[in-house]
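Input: a single structure, listed below in C-alpha cells.
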Amino acid sequence: MIPIYSPKSESEAAVIVSLMQAYGISFLMRGAGFSSMYPGPLSNSLNAQTLMVDAEHVQLATQLIQPFVDG
C-alpha cells in the first residue's frame, strides 16, 4: 500500500472513503478510528489519517482526490 493523502477532517475522510469504495479501489485509511479511543484533545501526530492504496490504483485514486488536494 502506498500513502497518497492525509484528509484534513473526519468529514473529508468519509467522502474520500466513499469515493474509493464507489470506484472499487483497494485502500486502507490508516489511523481511522484511533481518535475515538479516548476522549480529550486531539493531537495531529496521534490522530492523523492517511489514505493508502494499492500500487495499481494510485493513478485513479490520485485523480479522484485531486479536488481535495487543490483545496
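Going through the stretch 1-31 one residue at a time, which ones are touching a Ser or Thr at 6+ places or on another chain (Cβ under 9 Å) and either touching a residue at least 60 places away in the same chain (Cβ under 8 Å) or aromatic (Phe, Trp, Tyr) (or both)?
4, 5, 7
When the residues of the stretch 38-59 are narrowed to those that are within 20 Å of residue 14 (Cβ to Cβ) and exposed (fewer than 14 other Cβ atoms within 10 Å of the Cβ), which ends up modelled with the highest pLDDT?
Step by step, filter the stretch 38-59, then rank; the result is 46.
For the list (1) at pLDDT 90 or above; (2) surrounded by 15 or more Cβ atoms within 10 Å (Cβ to Cβ), I need the number of the one condition that residue 18 fails.
(2)
May I ask you to list the residues in the stretch 21-37 that are assigned to a loop (DSSP other than H, G, I, E, B), surrounded by fewer than 17 Cβ atoms within 10 Å (Cβ to Cβ) and modelled with pLDDT of 90 or more?
23, 24, 26 - these are the residues of the stretch 21-37 that are assigned to a loop (DSSP other than H, G, I, E, B), surrounded by fewer than 17 Cβ atoms within 10 Å (Cβ to Cβ) and modelled with pLDDT of 90 or more.
The values are calculated or read from the model by the stated rules, or taken from the named source; none is laboratory data. Being a predicted model, the structure only gives us computed values, none of them experimental. We place every Cβ from the backbone using ideal geometry, glycine too, and count neighbours over all the protein chains shown.
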